[in-house]
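Taking it in order: structure first as structure tokens, then the write-up.
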Amino acid sequence: MIVAAHQPNFAPWLGFFDKAVAADVLVLLDTVQFIKRSYQNRARIKSSTGPQWLTVPVISKGRYDQATLDVRIDESTRWRSVHLRTLRSVTAKAPHRDALLDLVEPIYGQEDVHHLVGLNVALLRAVVCGLGIGTRLVLASELDLSGSSTELMMSLTKAVGGQVYLSGPTGRRYLEPERFTDAGLELRYHEFTPEPSPQLHGAFTPGLSCLDYIANCGFTPWWAP
């Protein structure tokens, strides 16, 4: 069984889902520290003036060490309606605009969801389902995990019954391969380079949100069958 892990980012790019496709289980690291101005609460979409941020406002003042699972959404603004208005506007001429809106509108309508993880996981599960990805998503907070870095990745792999840990490319900088070998686990690395796909507003821009991809390509898989 191949296990991967990633922060439960907000509407992430296709690389997130490509790693999910390559794994049997994807552990969503909701127990790690929240980083302000990261992809955990924002994603890029393309407008007529170029890429722009779609940001979920969160309460972070004085909470610098809070875990991702504890991050609350700042509901003092009408951010949900702003997001939907922005998405409707920038995807007005996209061929699969209706598919995108059908996916996001019910999730944005869940006004009883006040934690960032709740919103992000709902979006991730909806996109995974729409794309037909059979990978199981598991929250790290539901597992009995310990340690950090190499120890954490080995721990979560074992916790879900895996034999292979699939790391992103940055894992080469900090993971200790010999420890995986000593623990009877295999360490692999995942690389993703997006192929140009249809987009509005000019030439192809890599690294955009999955929402941008869905609006332009629907739920067409980009990976080889």
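Atom-type composition of the exposed protein surface of segment 58-129 places 51 percent of the accessible area on carbon and sulfur (1.4 angstrom probe).
For segment 111-169, the alpha carbon convex hull comes to 127 Å³ per residue, rounded to a whole number.
Electrostatic tally near ARG44: other residues with Cβ closer than 14 Å to its Cβ, Lys and Arg +1, Asp and Glu -1, net +2.
For the chain, the solvent-accessible area of protein heavy atoms averages 49 Å² per residue (probe radius 1.4 Å; ligands and nucleic acids excluded). Cα centroid separation, segment 70-88 to segment 1-62: 16 Å. Annotation for segment 152-212: GluC sites (Glu not before Pro) lying in DSSP loop with at most 13 further Cβ atoms inside 10 Å of their Cβ are GLU191.
I need the shape label for segment 149-211. Rule: rounded when a/c is under 1.5, else prolate if a/b > b/c, else oblate, with a, b, c from the alpha carbon gyration tensor. In terms of gyration-tensor shape, prolate.
Loop-located chymotrypsin sites (Phe, Trp or Tyr not before Pro) in segment 14-97 (DSSP state not H, G, I, E or B) with no more than 16 neighbouring Cβ atoms inside 10 Å: TYR64. Seen from SER209, the other residues with C-beta closer than 10 Å to its C-beta sum to a net charge of +2, counting Lys and Arg as +1 and Asp and Glu as -1. Label sites at MET1 and LEU84, each approximated as a point 7 angstrom past Cα along Cα to Cβ, lie 3.9 nm apart. Phi angles of segment 42-52 translate, via the Karplus equation with coefficients 6.51, -1.76, 1.60 and θ = phi - 60°, into HN-Hα couplings of 7, 8, 9, 10, 9, 10, 5, 9, x, x, 9 Hz per residue; Gly and Pro are given as x.
Please arrange PHE192, PHE219 by accessible surface area, largest first, computed with a 1.4 Å probe and ligands excluded.
Values: PHE192 40, PHE219 70 Å².
Largest accessible area first, the list is PHE219, PHE192.
In terms of its alpha-carbon gyration tensor, segment 1-131 comes out oblate; a/c meets the 1.5 threshold, while b/c is at least as large as a/b. Convex hull volume of the C-alpha atoms in segment 10-81, normalised per residue: 118 Å³. Above 25 angstrom, tally the Cα pairs of the chain and express them as a % of all pairs, no decimals. Tail of P(r) above 25 Å: 41 percent of Cα pairs.
Compute the FRET efficiency between SER38 and ALA122 as 1/(1 + (r/R0)^6), taking r as their Cβ-Cβ distance and R0 = 22 Å, and round to the nearest 0.05.
On the way: r = 19 Å, r/R0 = 0.87.
Plugging the Cβ-Cβ distance into 1/(1 + (r/R0)^6) gives 0.70.
Highest-first packing order for the peptide set 139-147, 99-107 is 99-107, 139-147, based on the mean count of other beta carbon atoms within 10 Å. Computed from Cα positions, the angle between helix 97-108 and the longest principal axis of the chain comes to roughly 70 degrees. Spacing of the modelled spin labels on TRP223 and VAL164, each 7 Å from Cα toward Cβ, amounts to 1.1 nm. Taking max minus min of the alpha-carbon positions on each principal axis, segment 96-225 gives extents of 50, 38, 25 Å, largest first.
The values are calculated or read from the model by the stated rules, or taken from the named source; none is laboratory data. Quantities reported herein were computed from a predicted structural model and do not represent experimental measurements. Glycine also receives a Cβ, built like all others from the backbone with ideal geometry; neighbour counts cover every protein chain displayed. Quick note on the areas: whole protein, heavy atoms, side chains included, nothing else; ligands and nucleic acids left out. Shrake-Rupley method; radii C 1.70, N 1.55, O 1.52, S 1.80 Å.
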